[in-house]
Amino acid sequence: MSGLQAIRYTRGSLEVLDQLRLPHEHHYDNITTSEEAFDCIKSMRVRGAPAIAIVAALAHAVELHNGACKASTTEKTIAYIESRLDYLFESRPTAVDLGNAISHLKTTVRRVVVSGLDGQAAQEKVIEAYIEAAEEIFRKDTETNLSIGEHGAKWVVENATVQSAEGKVAVLTHCNTGSLATSGHGTALGIIRSLHSAGSLSHAFCTETRPYNQGSRLTAFELVYENIPSTLITDSMAGALFATRKQKDHIAAVIVGADRVVRNGDTANKVGTYALAVLAKYHGIKFVVAAPTTSIDLKTETGFGIKIEERKREELTQISGAVVGANGSVDVSKTARVAIADQRVGVWNPAFDVTPAELIDAVVTERGVVEKGPDGRFDFSGVMPERWAQVAGTA
Ligand SMILES: CSC[C@H]1O[C@H](OP(=O)(O)O)[C@H](O)[C@@H]1O
């Protein structure tokens, strides 16, 4: 697992790497309440579907551990936990991991057996059950990512339509799906790490991923940090890359993450993903979605049912970064915010788009790779574990 950690946790203490300052500055925010977690998620100081769910779950575990619950009965303790989770659910709507984690945590505390215990002991048992379940979500995520990496790397090599003489492949990824979006290793970037570790990767291309620049600020940083041969392109260069360099560079696959994969396989992911899927189809390049089962939403039938978050106009009309000195050095002590558009212009800023299942060749989960069947449809029932049985109305 990479040395980059978006989340640092010990019981009673949660620190979150402020990703708005990356790659120039490494600063961890101390998170002690659900309000602080909500703001951290909403402002995208932490982002990435799995990381959002983990931070929300652990933030409430920290406030519970530190005595925030003043309820006088077990039922009121459960009601308090549920109210805090409902509050955190509102922080970002598109990624389903948060809703799935909240459903799981609510089910967990509701199932605690307190018969025969006096009031305080019963309340303590409920709180302990919540904290352990939240910690398990964090712990299991890395294991999940390593499994996705293994399944995904194997599938990409076996299904590549172009390879180097040494049998290596190049891939393109979009946004950031690495250690900065998860507990470690990553999902799509986890597959890239696994391809690299297996000696099967010749090159990783990454898009800058406007407007938040998860690619240029975060993914490029992770790739360089891991000494993975990599090239940054703008989002608009992908078509030219495929048209002029697919054969020369053996570009075999586009590998992306997911915020929400719905029952028919339609997938919400960072805006720009849909365009990459169309280009990949046109150029005969495999299109692979890396999605832990916590990102799969069987309660929503098609992509039309996914709520797409729209974000503030300043993400397009302004940029921020460190000041580059005369000699080309980057002075992180002097960050600047620069207006790059007339501030009166109208802005449309959807954070995600939906890629239809017909453009997706494979969805890689920790429990195996799902491809469309003879009927041309995805069927995820074989990979959905019981513990993520979704409670209606929450996820
Ligand atoms: C494994 S992260 C999944 C997903 O989340 C990212 O969105 P954001 O950076 O806005 O949280 C991106 O869509 C990734 O593919």
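The values are calculated or read from the model by the stated rules, or taken from the named source; none is laboratory data. Just so it is clear, the structure is predicted and the values come from calculations on it, not from any experiment. Counting neighbours? That spans all protein chains shown, and the Cβs are built from the backbone with ideal geometry, glycine included. All accessible areas refer to the heavy atoms of the entire protein, side chains included, with ligands and DNA or RNA removed. Shrake-Rupley method; radii C 1.70, N 1.55, O 1.52, S 1.80 Å.
Condition check ((1) modelled with pLDDT of 95 or more; (2) loosely packed, with under 14 Cβ neighbours inside 10 Å) across all residues:
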residue: Asp297; (1), (2): yes, no
residue: Ile306; (1), (2): yes, no
residue: Ile319; (1), (2): no, no
residue: Ala322; (1), (2): no, no
residue: Ala326; (1), (2): no, yes
residue: Ser329; (1), (2): no, yes
residue: Val347; (1), (2): yes, no
residue: Phe352; (1), (2): yes, no
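Give all pairs with beta carbons closer than 8 Å in which a residue from segment 246-262 that is on the phi < 0 side of the Ramachandran plot and in a strand (DSSP E or B) meets a residue that is within 15 Å of the ligand (Cβ to nearest atom) and acidic (Asp, Glu); count only pairs at least 6 apart in sequence or on separate chains.
As it stands, the answer is Arg260/Asp297; Val261/Asp297; Val262/Asp297, since those pairs meet every condition given.
Give just the number: which of (1) over 30 Å from Gly178 (Cβ atoms); (2) touching a Leu at 6+ places or on another chain (Cβ under 9 Å); (3) of a type outside the set (D, E, K, R) does Ala122 not satisfy?
Unmet for Ala122, out of (1) over 30 Å from Gly178 (Cβ atoms); (2) touching a Leu at 6+ places or on another chain (Cβ under 9 Å); (3) of a type outside the set (D, E, K, R): (2).
Which of the following residues is open to solvent by 20 Å² or more (accessible area, probe 1.4 Å) and not in a loop (DSSP other than H, G, I, E, B): Glu143, Glu166?
Glu143
For segment 299-331, enumerate the residues that are assigned to a loop (DSSP other than H, G, I, E, B) and within 18 Å of the chain's Cα centre (by Cα).
Ile306, Lys307, Ile308, Glu309, Arg311
If you take the residues of segment 1-30 that are open to solvent by less than 40 Å² (accessible area, probe 1.4 Å) and assigned to a loop (DSSP other than H, G, I, E, B), which of them is farthest from His185 (Cα to Cα)?
Taking the candidates together, the pick is Gly12.
Looking at segment 214-232 only, could you name the residues that are without any contact (Cβ under 8 Å) to a residue 40 or more places away in the chain and not in a loop (DSSP other than H, G, I, E, B)?
Ser216, Leu223, Val224, Ser230, Thr231, Leu232
Residue-wise test of (1) out of contact with any strand residue (DSSP E or B) (no Cβ under 9 Å at 6 or more places or on another chain); (2) open to solvent by less than 20 Å² (accessible area, probe 1.4 Å); (3) at pLDDT below 95; (4) within 16 Å of the ligand (Cβ to nearest atom).
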{"site": "Ile228", "(1), (2), (3), (4)": "no, yes, no, no"}
{"site": "Asp235", "(1), (2), (3), (4)": "no, no, no, yes"}
{"site": "Ala243", "(1), (2), (3), (4)": "yes, no, no, no"}
{"site": "Asn269", "(1), (2), (3), (4)": "no, yes, no, yes"}
{"site": "Gly272", "(1), (2), (3), (4)": "no, no, no, yes"}
{"site": "Ala277", "(1), (2), (3), (4)": "no, yes, no, yes"}
{"site": "Gly284", "(1), (2), (3), (4)": "yes, no, no, no"}
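Would it be correct to say that Arg193 is under 23 Å from Val16 (Cβ atoms), away from the ligand (no atom under 12 Å from the Cβ) and more than 14 Å from the chain's Cα centre (by Cα)?
So Arg193 passes the test.
Which members of segment 31-56 meet the condition of being more than 16 Å from the ligand (Cβ to nearest atom), open to solvent by less than 10 Å² (accessible area, probe 1.4 Å) and closer than 14 Å to Arg11 by Cα?
Ile31, the sole residue that qualifies.
So, in segment 113-135, of the ones that are of a type in the set (Val, Ile, Thr) and outside any helix (DSSP H, G or I), which residue ends up surrounded by the fewest Cβ atoms within 10 Å (Cβ to Cβ)?
Among them, the one singled out is Val113.
Is it the case that segment 117-131 has a residue that's touching a strand residue (DSSP E or B) at 6+ places or on another chain (Cβ under 8 Å), in contact (Cβ under 8 Å) with a residue 60 or more places away in the chain and of a type outside the set (Gly, Ala, Ser)?
Looking for residues that are touching a strand residue (DSSP E or B) at 6+ places or on another chain (Cβ under 8 Å), in contact (Cβ under 8 Å) with a residue 60 or more places away in the chain and of a type outside the set (Gly, Ala, Ser), one finds none in segment 117-131, hence no.
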